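Each remark here refers to the structure printed beneath this line.
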Amino acid sequence: MSNWISLIKKGNTSSATAALGNTGLAIIKAIAASISGSGTMFASAMHSVADAINQGFVFIGSVLAERQPTKRFPTGFGRVVNLFCMIAVIVVTIMAYETFLKGIKLIKYPEASTNFWLNFIVLIIAILIDGAILLKAMKEIIKETRADAKGLGIVASAFRNAGRAAPPTRLVFYEDIVATLGAVFALLAVVLAEFTTFKLMDGIATILIACLMVGVAYKVGYDNMVGLIGVAAPKDVEDRISSLILNDPDVIDIGKMRIVQEGRHYHMEAYVELRKGFTLAQATEIKSRIKKKLLADSDLSDVTLSIMDDNGIVTWKQE
C-alpha cells in the first residue's frame, strides 16, 4: 500500500489538478446547459467532460509509469503514459464528433436559450478555472524543461518548450488552451444571442469548439505516437548529458551515445573513451563514478556505459 502511495505522489500534478477542476466545471456547465438550453454551454460541458476523463486517465498513466523496472520489463514503464494519452485522444475525438453534430443541428435549427446571467457567470468561472489550470501547466513545462523564464516570459517559454515537456503536461497544456478558448467562444455566443438578433453564433461557436478539440486530438496523438515508437532526446538534453561525461578529467571522447525518451525520463547508452594507461580495475571505477554522476540528473532513469581506450580520433563534437 505504501508503495502505491509513493507512486501516486510521483504522478503528474498538472493532470491531477486539471482532472479535478474539469470535473467540477463539467457538473456546473451541464446543469447550466440543461436549465438554459444553450448549445455552446452544452458543447463546453462536453469538452469539460472529455478533459476530466482524459486527464484522469493520464494521471493514472503517469502513476503507473513511475513503477520500477522488472525482470519482464527491464526498461521500465515510462511509455505507459503515452499509451494512456492515446486513449485520451480517442475520447477527445468522440466528444469532438458529438459536439460537431450538435453545432450543425444548432445552425439548421437555432434554439433560443434562457437564463443569460446563469450562463454568463458559469462561463466566467470556467475561464478563470481553465486559465488557472493552463497557467499551472505552463509553470510545469518551465520546471520540467529547466527553462529560465519568469513573469510574462513564462507564456512564450511554455509555447517554445511544450514539445519537450512530459506527455501528461503537454496534454494538459494543449487541452486547456482549447478549454479556455472554448469558454471564451461560448461566452461570446451567449452575449451575442442575448443582445443581438444574430442567433447562429450558438451553432458556430459549438463547431469552433469541436474543431479545436480535433486539433488537440491530432497534436497529442502525433506526439504520443512518436513517444511510443521511441524518440531521441532533444539537443539541449543531449548536450547537457555529454558535457557531464566529457567534463570528467579521465574522459577523452565519447565514441557513441544514444538517448531515448521513455515517458518523462530518458534512457541512455554510451561508449566512453578514457585516457590510455588505466588498469581494468581503475577503468571500472571511473565508469562507476561517471554513471553515478549521470544518474544524479533527474532526467535520466537508466544509464548503460561501456569503456574503451582512446583511439586518437575525436568522434564527439559539441556545438
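Taking percent of Cα pairs over 35 Å apart as calculated from this structure, the corresponding entry among [x] 35; [y] 24; [z] 20 is [x]. With a Förster radius of 30 Å applied to the C-beta separation of Ile87 and Ile313, the computed FRET efficiency comes to 0.05. When the Gaussian network model of the chain links Cα atoms closer than 10 Å, the mean-square fluctuations of Phe77, Phe59, Phe173 top out at Phe77. Only the Cβ atoms of Lys and Arg (+1) and of Asp and Glu (-1) were treated as charged; on that basis the dipole of the chain about its Cα centre amounts to roughly 360 debye.
Cross-link reach is defined here as a Cα-Cα straight distance under 13 Å, omitting same-chain residues fewer than 8 places apart; for Lys199 the aspartates and glutamates meeting it are Glu111.
Would you mind calculating the gained length between Phe195 and Asp297 on full extension (0.36 nm times residue separation, minus the Cα-Cα distance), in nm to one decimal?
Working: separation 102, 0.36 × 102 = 36.72 nm, distance 5.75 nm.
That works out to 31.0 nm of additional length.
For Val231 and Phe116, what does the FRET efficiency come to when R0 = 45 Å and r is the distance between their Cβ atoms, rounded to the nearest 0.05? The computed FRET efficiency comes out at 0.40.
Of all complete DSSP H helices in the chain, those with a Cα span along the helix axis of 20 Å or greater and a mean Kyte-Doolittle hydropathy of -1.0 or more are 13-36, 39-64, 80-108, 116-145, 167-195, 201-229, 280-295.
The residue list Ala156, Leu188, Pro74 was ranked by how far each Cα lies along the charge dipole of the chain toward its positive end, using unit charges on Cβ atoms, and Pro74 comes out on top. Near the amide H of Ile252, within less than 5 Å, lie the amide hydrogens of Glu273, Leu274, Arg275, all on another chain or at least 5 residues away, with H placed in the peptide plane.
Going from the residue with the fewest nearby Cβ atoms within 10 Å to the one with the most, Tyr218, Tyr266, Tyr271 rank Tyr218, Tyr271, Tyr266. Applying 1/(1 + (r/R0)^6) with R0 = 35 Å to the Cβ-Cβ distance of Glu269 and Lys143 gives a FRET efficiency near 0.85. Within straight-line reach of Lys317, meaning a Cα separation under 27 Å, sit the following lysines at least 8 residues removed in sequence or on another chain: Lys235, Lys256, Lys276, Lys287, Lys291, Lys292, Lys293. Separation of the stretch 53-80 from the stretch 191-230 is 29 Å, based on Cα centroids. Cα extents for the stretch 234-319 along the principal axes, largest to smallest and rounded to whole angstrom: 39, 27, 16. Footprinting exposure proxy ranking of Ser15, Ser301, fewest other C-beta atoms within 10 angstrom first, gives Ser301, Ser15.
Taken together, the values in this text are just the output of simple stated rules run on the coordinates, not laboratory data. For clarity, every value in this text was computed on a predicted model and none was experimentally measured. Don't worry about glycine lacking a Cβ; one is built from the backbone with ideal geometry, like all the others, and counts go over all protein chains shown.
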